[in-house]
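Some notes on the structure that comes next.
The values are calculated or read from the model by the stated rules, or taken from the named source; none is laboratory data. Keep in mind the model is a prediction, meaning the values are calculated, not measured. Using ideal geometry, Cβ is built from the backbone for each residue, glycine included, and neighbour counts are taken over all protein chains shown. For the accessible areas, the whole protein counts, side chains as well, though only heavy atoms, and no ligand, DNA or RNA atoms are used. Shrake-Rupley method; radii C 1.70, N 1.55, O 1.52, S 1.80 Å.
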Amino acid sequence: KGVVLETFGSGNAPSDKWLFEALSEATQNGVVIVNKTQCTKGSVEMGLYATSLNLLSAGVISGYDITTEAILTKMMYLLADNDIDQVRRLLQLSLCGEMTIDD
């Protein structure tokens, strides 16, 4: 139901066609994919560089500056009792201070 994709820097991943197609197919089939930087500090900024545009186009959502442990826990909690659109929306909101989002 959900995937945490740990990417480079501000949310960049390889731009191979096969990866884009696989991610697109997964999101179209209702899998929630969150882009989370593998860096210990910093935030995912989808679309900042061309290498994250494919992820955005594939339906991958930003995890901003959330930790891996927090996004896994949050995703498990939300997937237990919400529809996919609600999960996607709530994953991008700070519900209890787990991430910093600039408005």
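Can you bin the chain into rounded, prolate or oblate? Criterion: square roots of the alpha carbon gyration tensor eigenvalues sorted a ≥ b ≥ c, rounded for a/c under 1.5, prolate for a/b above b/c, oblate for the rest.
Working: a/c = 1.88, a/b = 1.13, b/c = 1.66.
Oblate shape, in that a/c is at least 1.5 and b/c is the bigger or equal ratio.
In the neighborhood of residue 56, defined by Cβ-to-Cβ distances under 14 Å, what is the net charge if each Lys or Arg adds +1 and each Asp or Glu adds -1? It would help to have the intermediate numbers written out before the result.
Values: positive: 88; negative: 45.
Overall, the nearby charge balance is 0.
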Report summary line: Here the Kirkwood hydrodynamic radius of the stretch 41-84, Cα-based and in Å, equals 11.8
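Round to the nearest 0.05 the FRET efficiency obtained for residue 21 and residue 96 when R0 = 30 Å and r is the Cβ-Cβ distance. Spell out each step's value before the answer.
Details: r = 35 Å, r/R0 = 1.18.
The pair residue 21/residue 96 has a calculated efficiency of 0.25.
Could you grab the relative contact order for the stretch 1-62? Cα pairs under 8 Å, six or more apart, rounded to a whole percent. All intermediate terms of the calculation are to be shown ahead of the outcome.
Numbers: 107 pairs, mean separation 27.9, N = 62.
Reported as a whole number, the value is 45 percent.
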Query raised in the report: Leaving out same-chain residues fewer than 8 places away, which lysines sit with a Cα under 20 Å from that of residue 36?
Result: 1, 74
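Output the relative contact order of the stretch 8-103, whole-number percent, from Cα pairs under 8 angstrom with separation of 6+ residues.
Details: 133 pairs, mean separation 27.3, N = 96.
Taking the mean separation of contacting Cα pairs over the length of the stretch 8-103, I get 28 percent.
At 1.4 Å probe size, put 83, 16 in order of accessible surface, largest to smallest.
The most accessible residue leads, giving 83, 16.
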